[in-house]
Structures are given as structure tokens and as C-alpha cells.
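The values are calculated or read from the model by the stated rules, or taken from the named source; none is laboratory data. Worth saying up front: this structure is predicted, and the values here are computed from it rather than measured. Every residue, glycine as well, gets a Cβ built from its backbone with ideal geometry; the counts of neighbours run over all protein chains shown. These area figures cover heavy atoms from the full protein model, side chains too; ligands, DNA and RNA do not enter into them. Shrake-Rupley method; radii C 1.70, N 1.55, O 1.52, S 1.80 Å.
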Amino acid sequence: MQGILAGILTSVDVIGLYVLLPNVRYRLFLSLWTAALHMIFPLLGFELGNYLVRFLLEWGQWISSILLFCIGVHLLLFSHRDEKVTISPVLLAVTASLDTFSVSVSFGMLNLEKTFFIMSAGLSALICAYGSLVIARRSQVFFGNKIQIVAGIIFIIMSILAIRQ
């Protein structure tokens, strides 16, 4: 049960990122690719965790905090521009799924059931990614760039909280 809940929780961040993308052409492809990466990265994390424990324990919190802060600042700086920025769905899914690698290292140390965790992470990432992409397309009409501003502020707050832990 803990593995299933942990898998679901590691996929929730996909909503925050993908709800900002109203004009994704291949929503199902992006969702499937994100789900696959949410299964591959934790598997790698479980398998390679013993080798990376020292590095992640020492620097993981800072790296995560810096990345969240940069994403938040980027969202705030570019929220008032009308130009559309395109990013490859493959690269976007890698970016959204990378955190599951470091999370799975700690779950591996806690001896969570690997199979349940990986399947849960993949399925919930698929649901969260596709659902948020559909919501993004519909909400763009109503909210415009206000969602991007709110998300930028939330990512900055999350980066500060990550450092304080």
C-alpha cells in the first residue's frame, strides 16, 4: 500500500508543470512518454541508489531547490510575453520525470515494494499528465497567463522550502 501511495505522490508534480501547456499537439504521446519515464527513472534509482546515496544526500536538496527556483523565475519572467515557446515533448517529459529518480533512491532505502511503486508511479503519471494537458487547453481561454504566474510563485516557494528542510 505504501508503494502505491508513494507512486501516486511522485506523479502529482506533473500536474503543476503540464497545466501550463495549453497547446500541446500530441497530448497522449506526451502522457505515455511521461508515464514510461516515471517508471524507468525509479527503476534506475532503485538499482543505482547504492552508488548515488552519498551524492544525493549531500547535494540533492540544493540541486532540487535551484532547479525549482529557476523554473519559477523563468515562468514569472516570461508570463507577460505573447510569443509561444515550443519544447520537444521528449525533453519535457524527461524534465517532468527526473525527480522520480532521486525520490526512488530514498524509497529504495526504505525497502518499499519496487513493483507496486513503479507501476503506481507510471499509471498515476499518465493520468496526471493527460488530465492536466486537457485542463490546460480549456483553462487557457479563461485564465490566460495568470496560471503561469501562480505556478512560478509556487515553484519559487517550493524551492525555498526545499532548502529549509
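May I ask you to list the residues of the stretch 1-27 whose amide nitrogen lies under 16 Å from a point 7 Å from Cα along the Cα→beta-carbon direction of residue 154? Answer for this model: 9-22.
Each label point was placed 7 Å from the Cα along the Cα-to-Cβ direction; for residue 73 and residue 119 their separation is 4.3 nm. A simple rule links phi to the HN-Hα coupling: the Karplus curve 6.51 cos²θ - 1.76 cosθ + 1.60 with θ = phi - 60°, which for the stretch 15-22 gives 4, x, 7, 7, 5, 8, 10, x Hz, with x for Gly and Pro.
Approximating the spin labels as points 7 Å out from Cα along Cα→Cβ, the residue 54-to-residue 28 distance works out to 4.8 nm. If R0 equals 30 Å, the separation of the Cβ atoms of residue 137 and residue 90 corresponds to a calculated FRET efficiency of about 0.90.
Would you please put 31-40, 5-14 in order of how densely packed they are, using the mean number of other Cβ atoms within 10 angstrom per residue and starting with the highest?
31-40, 5-14
When the surface is traced with a 1.4 Å probe over the full set of protein chains, residue 47 keeps roughly 100 Å² accessible.
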